[in-house]
Amino acid sequence: MPSLPERLAKEAQAFLEERRGLRRNVTTDVFETRLYIRPDDLRVVNYLRSKPLAAFNPGALLKGSTLYVFPRLVFDYYCYCSSVGVFALDVERVVEGRLALEEPLETRIVLWPQEPWEFGHGCEDARAFEGPDGGLGLLYTGSKHYTQDGQLVKKSVLALAEFDEGGGEAELNFRALRLKRRGFFSACDGHERWVPDNKDSAVVRFLDARRAVLLTRPDVPRPTPDGGKLQLGWRAEADLQGLTLSKLEPVLPFEPWELKVGWSTNAVPLRDDEYLVGWHGVLRDDLSYRNGLALVDAEGRLKAISDYVLAPRGLNEGYGDRPLVIFGCGLVLFEDFLIWVGGLSDYALGLFVVKRERALGTLR
């Protein structure tokens with residue numbers, strides 16, 4: 001009987017052959033307001049080094065009129081070892097396009113590498129969500145290192161961190177966050193468990209206190225002699241207690257001009273059966289990361305999708321440690337506005353704002 005990764009690879013290949021052609025290689029950048037936050041604009045208050053070298057790929061959570069941003073922080077050049085911090089912004093100032101930072105933003109590190117499976121690039125690219133108990137959850141990427149047949153292997157794993165917090169419905173007391181637990185997910189089909197290279201995931205909705213519909217991106221092997229990986233968007237059912245993914249199903253294909261696609265942001269509920277999420281594609285011709293929007297149903301299956309609606313512009317957005325990248329990981333709706341909170345070429349933060357109706361009008 002084929003192994004679980006072999007079965008998923010065949011399913012992914014068949015899906016690509018059937019479902020490609022949903023999008024065009026067209027970029028219509030609809031985000032009119034573009035605000036930037038530099039690493040120098042942050043002041044880390046709970047670590048000996050108060051100034052990160054880089055702050056990028058931020059998650060986001062909106063509570064009341066406060067936008068909480070969870071940047072990936074890097075303090076060292078050599079290992080790119082990352083932590084996750086948090087700071088707060090007035091969301092009304094963001095949508096008005098008047099983010100004037102008179103003082104550095106108080107930033108606290110809330111998640112840093114402490115487990116062997118985080119000792120590669122650390123804790124990367126958090127997607128924030130509020131659990132059914134009101135606590136804070138972060139999906140993030142850890143780097144698992146282990147010896148396999150005498151070789152050191154690096155594997156990106158999809159990880160979950162859960163926190164207690166003392167805030168209420170209208171606020172997040174990020175100064176009092178307490179980590180309850182962390183761990184990484186395995187894929188499971190009832191007979192076999194497998195830890196894939198996995199990242200770029202988002203909670204769509206909770207099925208109960210410990211189970212959720214998840215968008216995710218496990219890498220599966222190409223079912224061809226030349227090998228390689230197929231990197232596309234999947235849906236799954238996640239057991240958040242046992243840290244397993246089941247009922248995996250491909251839902252977002254990459255197109256012939258792309259190397260891969262992935263989910264970029266958290267999922268934002270629109271109606272009972274509609275959730276908005278950002279995604280990214282990596283283009284073959286220039287290796288740029290370009291972003292679009294997708295509408296999924298309550299099971300995480302695709303209902304509508306846009307072409308590219310957000311791409312790096314000019315020097316400030318396109319030049320950094322990894323050029324030509326805007327990368328999630330936060331998406332929020334506030335009044336009539338959609339805010340995409342993203343990283344700029346692996347060095348700084350961007351806040352991109354568009355009217356809600358214009359954003360939704362790009363879906364088809």
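Tally up the residues in region 224-241 that are without any contact (Cβ under 8 Å) to a residue 12 or more places away in the chain and within 18 Å of D197 (Cα to Cα), please.
Of all residues in region 224-241, those without any contact (Cβ under 8 Å) to a residue 12 or more places away in the chain come to 224-228.
So of that shortlist, the ones also within 18 Å of D197 (Cα to Cα) come out as 227-228.
The number of residues fulfilling the criteria is 2.
Would it be correct to say that R93 is touching a Leu at 6+ places or on another chain (Cβ under 8 Å), surrounded by fewer than 17 Cβ atoms within 10 Å (Cβ to Cβ) and part of a strand (DSSP E or B)?
On the way: touching a Leu at 6+ places or on another chain (Cβ under 8 Å): yes; surrounded by fewer than 17 Cβ atoms within 10 Å (Cβ to Cβ): yes; part of a strand (DSSP E or B): no.
Criteria not met by R93.
D336 - would you say it is at pLDDT 95 or above, out of contact with any Leu (no Cβ under 8 Å at 6 or more places or on another chain) and either surrounded by fewer than 16 Cβ atoms within 10 Å (Cβ to Cβ) or more than 18 Å from D125 (Cα to Cα) (or both)? Reasoning before the result, please.
Details: at pLDDT 95 or above: yes; out of contact with any Leu (no Cβ under 8 Å at 6 or more places or on another chain): yes; either surrounded by fewer than 16 Cβ atoms within 10 Å (Cβ to Cβ) or more than 18 Å from D125 (Cα to Cα) (or both): yes.
Here the answer is yes, as D336 does meet what is asked.
Residues being farther than 20 Å from L295 by Cβ and without any contact (Cβ under 8 Å) to a residue 60 or more places away in the chain: count how many of those fall in region 321-344.
Number satisfying all stated conditions: 5.
In the list P256, P269, which residue meets the criterion of being over 24 Å from G330 (Cβ atoms) and surrounded by fewer than 22 Cβ atoms within 10 Å (Cβ to Cβ)? Step through it out loud before you land on a result.
Numbers: P269 fails: over 24 Å from G330 (Cβ atoms).
Result of the check over P256, P269: P256.
Which residue, of L302, L293, is among the hydrophobic types (A, V, I, L, M, F, W, C) and more than 22 Å from F56 (Cβ to Cβ)? It would help to see each step written out before you state the result.
Values: L293 fails: more than 22 Å from F56 (Cβ to Cβ).
Sole residue among the options that is among the hydrophobic types (A, V, I, L, M, F, W, C) and more than 22 Å from F56 (Cβ to Cβ): L302.
Taking the condition of being assigned to a loop (DSSP other than H, G, I, E, B), out of contact with any Asp or Glu (no Cβ under 7 Å at 6 or more places or on another chain) and of a type outside the set (V, I, T), how many residues in region 171-206 meet it?
So the first thing to find is which residues in region 171-206 are assigned to a loop (DSSP other than H, G, I, E, B), and the list is 171-173, 177, 185, 189-192, 195-197.
Now narrow it down to the ones that are out of contact with any Asp or Glu (no Cβ under 7 Å at 6 or more places or on another chain): 171, 185, 189-192, 195.
With the extra rule that they be of a type outside the set (V, I, T), the set shrinks to 171, 185, 189-192.
Qualifying residue count, region 171-206: 6.
Taking region 96-107, which residues are touching a Phe, Trp or Tyr at 6+ places or on another chain (Cβ under 9 Å) and either surrounded by fewer than 17 Cβ atoms within 10 Å (Cβ to Cβ) or farther than 29 Å from S65 by Cβ (or both)? Don't jump to the end; show me each part of the working.
In the first step, residues of region 96-107 are kept if they are touching a Phe, Trp or Tyr at 6+ places or on another chain (Cβ under 9 Å); the result is 99, 105-107.
Selection gives L99, E106.
Of (1) modelled with pLDDT of 95 or more; (2) buried (at least 20 other Cβ atoms within 10 Å of the Cβ); (3) part of a loop (DSSP other than H, G, I, E, B), A212 satisfies all except one. Which?
(3)
Which members of region 40-79 meet the condition of being assigned to a loop (DSSP other than H, G, I, E, B) and touching an Asp or Glu at 6+ places or on another chain (Cβ under 8 Å)? Steps first, answer last, please.
Keep residues of region 40-79 that are assigned to a loop (DSSP other than H, G, I, E, B), which gives 45-53, 64-65, 75-79.
Correct list: V45, K51, L53, G64, S65.
Filter region 335-364 for residues that are outside any strand (DSSP E or B) and among the β-branched types (V, I, T) and give the result.
Once the filter is applied, which keeps residues that are outside any strand (DSSP E or B) and among the β-branched types (V, I, T), region 335-364 yields only T362.
Scan region 62-113 for residues that are free of Cβ contacts under 8 Å to residues at least 12 places away in the same chain and either over 27 Å from F337 (Cα atoms) or among the aromatic types (F, W, Y) (or both) and jot them down.
Y78
Of the residues D226, D239, which is under 20 Å from the mean Cα position of the chain (by Cα) and within 30 Å of R19 (Cβ to Cβ)?
On the way: D226 fails: under 20 Å from the mean Cα position of the chain (by Cα).
Just one listed residue meets the conditions, D239.
Are any residues in region 1-35 surrounded by 14 or more Cβ atoms within 10 Å (Cβ to Cβ) and farther than 25 Å from V220 by Cα, and if so, which ones?
T27, D29, V30, F31, T33, R34, L35 - these are the residues of region 1-35 that are surrounded by 14 or more Cβ atoms within 10 Å (Cβ to Cβ) and farther than 25 Å from V220 by Cα.
How about region 282-307: which of its residues are under 17 Å from the mean Cα position of the chain (by Cα) and assigned to a strand (DSSP E or B)?
V282, Y289, R290, N291, G292, L293, A294, L295, V296
Of the residues in region 180-206, how many are of a type in the set (A, V, I, L, M) and either loosely packed, with under 15 Cβ neighbours inside 10 Å or touching a helix residue (DSSP H, G or I) at 6+ places or on another chain (Cβ under 9 Å) (or both)?
Kept after step one, since they are of a type in the set (A, V, I, L, M), are these residues of region 180-206: 187, 195, 202-204.
Filter once more, so that each one left must be either loosely packed, with under 15 Cβ neighbours inside 10 Å or touching a helix residue (DSSP H, G or I) at 6+ places or on another chain (Cβ under 9 Å) (or both): 187.
Going through region 180-206 one residue at a time, the tally reaches 1.
Under 9 Å by Cβ, and 6 or more places apart or on different chains, what pairs join a residue from region 307-318 that is over 14 Å from T33 (Cα atoms) and free of Cβ contacts under 8 Å to residues at least 60 places away in the same chain with one that is buried (at least 18 other Cβ atoms within 10 Å of the Cβ) and not hydrophobic (A, V, I, L, M, F, W, C)?
Note: pairs meeting the criteria are G318/S288; G318/P312; G318/S345.
Which numbered condition trips up F15, out of (1) assigned to a loop (DSSP other than H, G, I, E, B); (2) aromatic (F, W, Y); (3) over 20 Å from the mean Cα position of the chain (by Cα)?
Checking F15 against (1) assigned to a loop (DSSP other than H, G, I, E, B); (2) aromatic (F, W, Y); (3) over 20 Å from the mean Cα position of the chain (by Cα), the one that fails is (1).
Picking from R193, R178, which residue would you name as being more than 20 Å from R127 (Cα to Cα) and either of a type outside the set (S, T, N, Q) or in contact with a Gly (Cβ under 8 Å, 6 or more places away or on another chain) (or both)?
Working: R178 fails: more than 20 Å from R127 (Cα to Cα).
None of the other options fit; the residue is R193.
The values are calculated or read from the model by the stated rules, or taken from the named source; none is laboratory data. These numbers were taken from a predicted model, which means no experiment stands behind them. As a convention, Cβ positions derive from the backbone with ideal geometry for all residues, glycine included, and neighbour counts pool all protein chains shown.
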